[in-house]
Structures are given as structure tokens and as C-alpha cells.
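The values are calculated or read from the model by the stated rules, or taken from the named source; none is laboratory data. Bear in mind that the values here come from a model prediction, so they are computed numbers and not experimental data. All Cβ positions, glycine included, derive from the backbone under ideal geometry; neighbour counts span all protein chains shown.
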Amino acid sequence: MASLAAVGSWDREVDVVVVGSGMAGTVTAIEAYDTDPSAAILIVEKMPEGLAGGSGRCAGGFVYAPDPEDIEDLKTYHRALNGPNPAPEDVVEAWAQAVVHQRPWLERVVTEAGRRLLPQPDAPPDFPDLPGSAACEKIFTVEEHDGVAINREGGVWVRDSDNPLDGENKIWGSFMEHVRRRGIPILHDTPVVDLVQDPDSLEVFGVLAESDGARIAIKARRGVILCCGGYAANPEIQLNYCGYPKVTPLGGPGSTGDGIHMLQKAGAKLWHMSNFGHVGGIFPAIRAPEMASGFMREFLAKTSWIDIGADDGRFYDETAKEYYQNHYKVHRSGNWVDPPFIEAQPIHMIFDEETRLGGKLIQDWTGWNMVAMRHQWSADNGAEVEKGWIVKADSIRELAELIGRDPDAVEATVRRYNEACAAGSDPDFGRDPESLTPIASPPYYAVEVVPGMAGTPGGGQRTPDAGVMSTAGAPIPRLYEAGELGSTFADRYQNGSYITEAIAFGRIAGRNAASRSSWDGAAA
């Protein structure tokens, strides 16, 4: 931390500093402004303007909004989702109260931004076997008035390919529109690197940031709110906290754990740093050399493919429907668990011409590359073959040699899989007979599959008022957090939870910070 004595002068003075302009950051700034329009609110964002917005900008864009009478079920479901690592009851109560009352606010905000909140009629809870799950049957998304909603068909989320993504999901776009309308300034290209605190009481007075190669000090008279996301794009944190040797972010490349580093220096008590699949799930992803984030693999209609692990053999049921419907969790031994992608690395997907021509290997409606970067992936995956992202060969043996695998072992694996297809039964992993299509249409292809992270919930232990708990067990004065950083979720993930929580605690944090008196005696 930096003390007041270390700050010779303030380069900028405001009432509330919001760190990050993603889903939580924009909501927080809006609520702080609406709580006190006379307060000076400032968003400080590390990324350049065209690449700001964090993972919330490119998320699937779903939110759940149960009714107030569903609150007891909602709390029960939250406890069940967290399983052996429950959040404190007062935090769950604050979250639930916010969630069941935020739909009118959300409807008003998106409507005023020229969009509409649309219910998803075929969206059952992700974990219907858990108590209280019925509270999350009301799933919504946001679309332009003339747009086409993302819908669930056969358990899979799909979108009309003619509906442009326009570089953002429409929930984040609606919030950003309100930030602009309120004239809330954003400092882009300005990473926050430290908090200014009292070394004894830990009270927060402002932040230190870097801008144009110089360090600047920004006074926050009422409070600092950390909304700077997770650490999916930080390999060192992934390895040291979770033991994940090679993963790729699916969201924004700016999610490098800046908040974790600041919270550690600030004396915060961390929680949820190493949870099953980072709660949001471990997805099969494809990482192109020139792309900062990974592409999430599609739930493929064509099934003439398998995944092979480090020993050149198959290692799981690749097409289990539970993966498609439960954020890549599968029911095993009475629990919902992650697929074995971490343990099986390196992984290659092996497929034939039928699968190559059967549609995009990747999901084209979510993820940083497709949404924020507006990347165009070819419909038949041919362009990606030409780029060398996908390896092509005339035989399985040649393909194995090209990707550095044992040709005999890979040939044996494909032969055994094809024999299972002919028999109509997979004795190794119980793959659905309807998905047992032989890899038999040359040429053959391979692409490396890397575990993809949608989000990381680790951060400071949150208090009911969106504050941050210190290691001494008391809230750190004038420090708040919202969003993915310090999320209250610790095990399983209900679709829409991160955005729902970003709105709930973003509003709580913005309201509480803007309501405080100034530490320097300035008039409120």
C-alpha cells in the first residue's frame, strides 16, 4: 500500500473512484451517480477505450431475476451451489434481497437505452436437482428492439447468425450508454496499481495509477470500489493458486489479477481463490497464436471426432449432454464435477472431413475474440486450416506425426473408437450411441484443445454492504468491491450468476460509497 505521506500532491480529486469499466464497474458508477448526482464519480480503466469492458462485455449476456416471493428458494439455491464452502448468511441475505428486487431497475435501464429485456422460455435451472433451483427459472437477456434474441434450442444456446454482435453484449452496452448519458468520465489506458491507505487503520484514501508513463495519485474522498475482474488471463496466479499449468481466458485479456495484487497489499482477507473450475466451468477452448484469448469450442452437431490426452488415448465422454447444459459440469458419484481437461493435457481434438464441413468448431456468439474483437471464423473451418490453426493430413498416422504424437498409439485410439461406433456402444466412456460417428472421412484434422476459463471468483471476502474484510476480521474502511473480483460463488455456477451478482453488489457498492461523508472534510 501507499500511505498519505507518500502522496506529495493529488493529481485528481473525486468523491468515488471505480476501478474497471466492465459489467460491475458501469453499474456501480451509475448507482453512485444516481445516489448523489452532486458527487464526482470517476471510472479508471486499464484498457484502451476500444478494448475496455472486461469479460462482462463479451459474456453470454444472461441474468436471472426471480420475484420477491422466491427469495427463500433463491437463498437455498445459493447455499446448495456453494456446497461445502458457503458464504456468510448476512452476505447471502444482502445478495438475495438485491437480486429479487432488481428486475424493475434493469428493465428501466435497458429500455431507456433503446433495448428490451427478453425472457428465455426454455431455460431450466442448471442444477434442477439442487434445492431451491426453481428460483432461477426466470432467465433474461437483452437485445436491440429489432434484434434476435439468443435462445436455448435442444439444451444449447444459439443465436441467429444474421444478428450482429456489434462488439458487445447488450446488457453491458446498455449500462455503458447510461454512463455516457450521466457524463461520468472514464480514464482509459490508466491501470490502477495501488491503494492509498492508512498503514494502521487500513482506511483507503485514493489510488495510484499509471498514465502516459507517469504515476498519478487520485483522491477518493468517499471511497474506492474495485470492479477490476478476475485473473483468468494471469498464468502465474492460475498455476500458484489452482495448479493449472496451461489455461486460456475466454473473456477479456485484461483480467490479469490486478485486484488480487492490490487486495493482498491492502491487508484483505482473500477467499474463493481455488475452487472447482473457478465456478464458471472449465471449457474446451482453441487458442490461436495471434489471439490473446481462446475460442470456446462449439457443441458440435457432427460427431465424427474425439479428444485425446497426454497418453494419446481418449479420457472422457466427449459429448455428454450435461456438459452442454451445466457450464461444463457432469454428475459423478453424487456430485457435479469438472471435466478432466487439466489432468489430461496436452489435448488434441481429432476429427474428419465430415466434422470439418459440419459447422464452426467454435461458438460465434460469446467470448472476447468473437464479440469484442469481432473475429470472423469461417463456416467450414477452411480458413483456419489455411492459417495453420488446424492441422490437416491424409491419414491418421501422418496427422499424429504432424502434431508430435505417437502414430501407433493414435491409430490404435481412433481404431478402437471406430470399432465402438460400429458396435453402437462405447465400452470405455459410455458415449451416447447417437453420437458414435466413426472418424472415417479423409482428410483428417487435429487442433489443440486448451482448458478455457470463463471467470475466476477469487478476491476479497465480501461484506453485506459490498465492503472488503481484512485479515483481522474487520471491514477495510472506504474499500468496496463488486463483480467477479471476490464473487460470493464458490463451487457450482448457475447460468447468469456473474452478471446478476455484478448488478446486485454493483448497486450496493455504488450506493454505499456515494452515501459516505468525505474523509478530508470536504463538503458533501
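Look at Gly267 and say whether it is modelled with pLDDT of 95 or more, of a type outside the set (Ser, Thr, Tyr) and touching a Cys at 6+ places or on another chain (Cβ under 9 Å). Steps first, please.
On the way: modelled with pLDDT of 95 or more: yes; of a type outside the set (Ser, Thr, Tyr): yes; touching a Cys at 6+ places or on another chain (Cβ under 9 Å): no.
So Gly267 does not fit the description; no.
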Exercise. Only residues in segment 205-228 that are at negative phi and outside any strand (DSSP E or B) count as the first member; pair them with residues that are of a type in the set (Val, Ile, Thr) and crowded, with 17+ Cβ neighbours inside 10 Å, Cβ under 7 angstrom, at least 6 apart or cross-chain, and list the lot.
Key: Cys227/Val18; Cys227/Val19; Cys227/Thr28; Cys228/Val19
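Name the single residue that is nearest to Pro433 (Cα to Cα) among those in segment 289-311 being in contact with a His (Cβ under 9 Å, 6 or more places away or on another chain) and either touching a residue at least 60 places away in the same chain (Cβ under 8 Å) or surrounded by 20 or more Cβ atoms within 10 Å (Cβ to Cβ) (or both).
If we filter segment 289-311 for residues that are in contact with a His (Cβ under 9 Å, 6 or more places away or on another chain), which is where we start, we get 291, 295, 307-309.
In the following step, the residues that additionally are either touching a residue at least 60 places away in the same chain (Cβ under 8 Å) or surrounded by 20 or more Cβ atoms within 10 Å (Cβ to Cβ) (or both) were identified as 291, 295, 307-308.
Working: Met291: 36, Phe295: 28, Asp307: 17, Ile308: 19 Å.
Result: Asp307.
Of all residues in segment 168-204 being in a loop (DSSP other than H, G, I, E, B) and hydrophobic (A, V, I, L, M, F, W, C), which is nearest to the chain's Cα centre (by Cα)?
Here the residue is Ile184.
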Practice problem: Tell me, please, whether a residue that is more than 17 Å from the chain's Cα centre (by Cα), under 24 Å from Ala232 (Cβ atoms) and surrounded by 21 or more Cβ atoms within 10 Å (Cβ to Cβ) can be found in segment 69-80. | Solution: yes
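Where residues in segment 487-511 are among the hydrophobic types (A, V, I, L, M, F, W, C) and in a helix (DSSP H, G or I), which of them is farthest from Asp90 (Cα to Cα)?
Among those that are among the hydrophobic types (A, V, I, L, M, F, W, C) and in a helix (DSSP H, G or I), it is Ile499.
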Quiz item: List pairs: first in segment 119-139 and free of Cβ contacts under 8 Å to residues at least 24 places away in the same chain, second among the aromatic types (Phe, Trp, Tyr), Cβ under 8 Å, 6+ apart or cross-chain?
Solution: Pro119/Phe140
Quiz item: Considering only residues of segment 351-377 that are at pLDDT 95 or above and surrounded by fewer than 16 Cβ atoms within 10 Å (Cβ to Cβ), which is nearest to the chain's Cα centre (by Cα)?
Solution: Gly359
Exercise. Give segment 60-95 a look and list any residue that's of a type in the set (A, V, I, L, M, F, W, C) and more than 30 Å from Asn369 (Cβ to Cβ), or say none.
Key: Ile71, Leu74, Ala80, Ala87, Val91, Val92, Ala94, Trp95
Exercise. Run Arg57 past the list (1) in a helix (DSSP H, G or I); (2) more than 27 Å from Trp368 (Cβ to Cβ) and report the number of the one that doesn't hold.
Key: (2)
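Step by step: first the residues of segment 111-129, then only those that are among the hydrophobic types (A, V, I, L, M, F, W, C) and crowded, with 19+ Cβ neighbours inside 10 Å, then the one that is farthest from Pro66 (Cα to Cα). Which residue is that?
If we filter segment 111-129 for residues that are among the hydrophobic types (A, V, I, L, M, F, W, C), which is where we start, we get 113, 117-118, 123, 127.
This time we only want the ones that are crowded, with 19+ Cβ neighbours inside 10 Å, so: 113, 117, 123, 127.
Values: Ala113: 23, Leu117: 14, Ala123: 13, Phe127: 16 Å.
So the residue we want is Ala113.
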